[in-house]
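Engineer: Pasting in a structure now, in structure tokens, and then I'll have a few things to ask.
The values are calculated or read from the model by the stated rules, or taken from the named source; none is laboratory data. Fair warning: this is a prediction, and the values are worked out from it, not measured in the lab. Glycine also receives a Cβ, built like all others from the backbone with ideal geometry; neighbour counts cover every protein chain displayed. For the accessible areas, the whole protein counts, side chains as well, though only heavy atoms, and no ligand, DNA or RNA atoms are used. Shrake-Rupley method; radii C 1.70, N 1.55, O 1.52, S 1.80 Å.
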Amino acid sequence: MQRLAALLLMLLPVFAHAQGNPIAYFNDEAFWQKCAVIKHLPASPIKASDTAIVVVSNRKTSNDALRYMSEERDGTTLRYYFVFSRNGNWNVLPVENLEKAIQYMPDKSRDWVLYTEGMGKLFTTDLCRGMSMAGQYGVNVVLFDYPSITTTKKSLGNYFFAIGNARTAYKDFTPAFEEVKRLKDAGKLEAGNISMFYHSMGNHVIRQIVKHDKTSKLNSSVWVSNIILNAPCVPRRGHKRWINKISFAKGIYINYNQDDLTLRIAYFANKRIQLGNKPVRNISNKVQYINFNTLCGSGHSNFLSIAGREPAKEAALHYYNTVLHGNSPNLQDGKQFGVSTYKKIGWELLP
């Protein structure tokens, strides 16, 4: 046990870095100032060319005027924000509910992505990811933010802090997903496709929703185009059983990589092979399994080009642009896809 703990203490900084940029950068005063809270919208209208997202957060607020969102789960209420880019800053407007936040989105005819991230995210880090996805793919993002790192713990403590909050977040976010469905049914999201994107530990949210039998309202109709389980940092064992209970989406995609370093490190923490690392042969016929190994080697976060990191591969961006807009990739296109090199499970994304 002592040897395992020592190994984890060495490896988990790599895990946290792979999940997101270093915490110090996003917790710096300058970055929080870039994400300042505003009380009113500006007099000049928000344009469709302005990057904007909706944020649903289960964090507690803090008494710090600068770092206004804490590193703790509230557990009793959700908070909603409309965030837009203006003059080099990300302006954060608190609003009373999800419908109000969505009303502020400047182009509701775009496709929508309900986006949940993995370990290593402060509120500011999540804003960066959400704004990056919206700007890079031209989609309307509803970002589901939960505490997945804290400055009060070291590496091993942060791993268990993050996974505990990821497993619990379904309690808070299930009603919000149901509200998105209600707004979709009422025509408040216009005609765009809706997709769900869960990255790494964020996949615990959808897994726990299903495993705790919270899908009855979601499953009442097919209202989601694609569910993308991206590099899922959840146990592979039994995934067929819970995924097969999802009936509200037209398509389900599991993006995996047998050499994903982050997920291989996660194995040492809980001794469970992760779904995004090596799917078993008892796979779901509801899922398209997409192997990123040939394209990305040991990579884990392959869907965004973020400053300070190696740019995302062009083939990956093309694939994500397809599924995030609610469309189906042409898996028969031999220039883009081949039979997976890992036990022939699904398809290999080619360079």
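Engineer: Could you calculate, for the chain, the ratio of the Cα radius of gyration to the Kirkwood radius, expressed as Rg to Rh?
Structural biologist: Working: Rg = 19.2 Å, Rh = 20.4 Å.
Result for the chain is an Rg/Rh of 0.94.
Engineer: For the range 267-351, which chymotrypsin sites (Phe, Trp or Tyr not before Pro) are both in a DSSP coil and crowded by at most 12 other Cβ atoms within 10 Å?
Structural biologist: In loop regions of the range 267-351 (DSSP not H, G, I, E or B), there are no sparsely surrounded chymotrypsin sites (Phe, Trp or Tyr not before Pro).
Engineer: Express the accessible area of the chain per residue in Å², computed with a 1.4 Å probe while the remaining protein chains stay in the model.
Structural biologist: That works out to 42 Å² per residue.
Engineer: Among Phe84, Ser57, Asn226, flag the residue with its Cα farthest along the positive direction of the charge dipole of the chain, charges on Cβ as +1 for Lys/Arg and -1 for Asp/Glu.
Structural biologist: Asn226
Engineer: Another question about this same structure. With charges set only on the Cβ (+1 for Lys and Arg, -1 for Asp and Glu), what does the dipole of the chain come to about its Cα centre, in debye to the nearest 20?
Structural biologist: With Lys and Arg at +1 and Asp and Glu at -1, about 1260 debye.
Engineer: If one computes the Cα centroid of the range 67-108 and of the range 226-264, what distance in Å separates the two points?
Structural biologist: Using only Cα atoms, the two centres lie 28 Å from each other.
Engineer: Of Gln136, Asn282, Tyr267, which is farthest along the charge dipole of the chain in the positive direction, counting Lys and Arg as +1 and Asp and Glu as -1 at C-beta?
Structural biologist: Positive-end residue among those listed: Asn282.
Engineer: Using DSSP, restrict attention to beta bridges with both residues in the chain and report what percent are antiparallel, rounded to the nearest 5.
Structural biologist: Details: 19 of 53 bridges.
Of the beta bridges lying entirely in the chain, close to 35 percent run antiparallel.
Engineer: Quick check: Cα centre of the range 301-321 to Cα centre of the range 118-136, how many Å?
Structural biologist: 14
Engineer: Kindly provide the helix-only [θ] at 222 nm of the chain, computed as the sum of -39,500 (n - 2.57) over DSSP H runs of four or more divided by all residues, to the nearest 500 deg cm²/dmol?
Structural biologist: -10000 deg cm²/dmol
Engineer: I would also like to ask the following. Non-local amide H neighbours of Val113 (under 5 Å, H modeled in plane, Pro and chain starts lacking H): which ones?
Structural biologist: Asn140, Val141, Val142, Ser195
Engineer: To the nearest 20 debye, what charge dipole does the range 49-92 have about its Cα centre, counting +1 at the Cβ of each Lys and Arg and -1 at the Cβ of each Asp and Glu?
Structural biologist: 40
Engineer: Taking the Cα centre of the range 249-320 as the origin, how large is its charge dipole in debye, to the nearest 20, when only Lys and Arg (+1) and Asp and Glu (-1) carry charge on their Cβ atoms?
Structural biologist: The calculation lands at about 360 debye.
Engineer: Say the cut-off is 23 Å between C-alpha atoms; which of Lys278/Lys344; Lys100/Lys245; Lys34/Lys108; Lys184/Lys217 go over it?
Structural biologist: Lys100/Lys245; Lys34/Lys108
Engineer: Next question, about the same structure. Pull up the DSSP beta bridges for the range 197-351 and report the antiparallel fraction as a percent, rounded to 5. Each step should come with its number before you reach the end.
Structural biologist: Working: 4 of 20 bridges.
About 20 percent, rounded to the nearest 5.
Engineer: If you take the Cα Rg of the range 52-107 and divide it by 2.2 N^0.38 Å, with N the number of residues, what do you get?
Structural biologist: 1.18
Engineer: Give me the lysines in straight-line cross-link reach of Lys60: C-alpha distance below 16 Å, same-chain residues under 8 apart excluded.
Structural biologist: Lys121, Lys171
Engineer: Let me ask something else about it. Under 5 Å between amide H atoms, partner at least 5 residues away or on a different chain: which partners does Gly251 have, H built in plane at 1.01 Å?
Structural biologist: Long-range HN contacts for Gly251: Asn226, Ile227.
Engineer: Let me ask something else. Could you pull out the trypsin sites (Lys or Arg not before Pro) across the range 116-154 that fall in loop regions by DSSP (anything but H, G, I, E, B) with no more than 15 other Cβ atoms inside 10 Å?
Structural biologist: Lys153, Lys154
Engineer: Place a label point 7 angstrom from the Cα of Arg86 along the Cα-to-Cβ direction, then list the residues of the range 35-78 whose backbone nitrogen is under 14 Å away.
Structural biologist: Only 35-53 fall inside the zone, counting backbone N under 14 Å.
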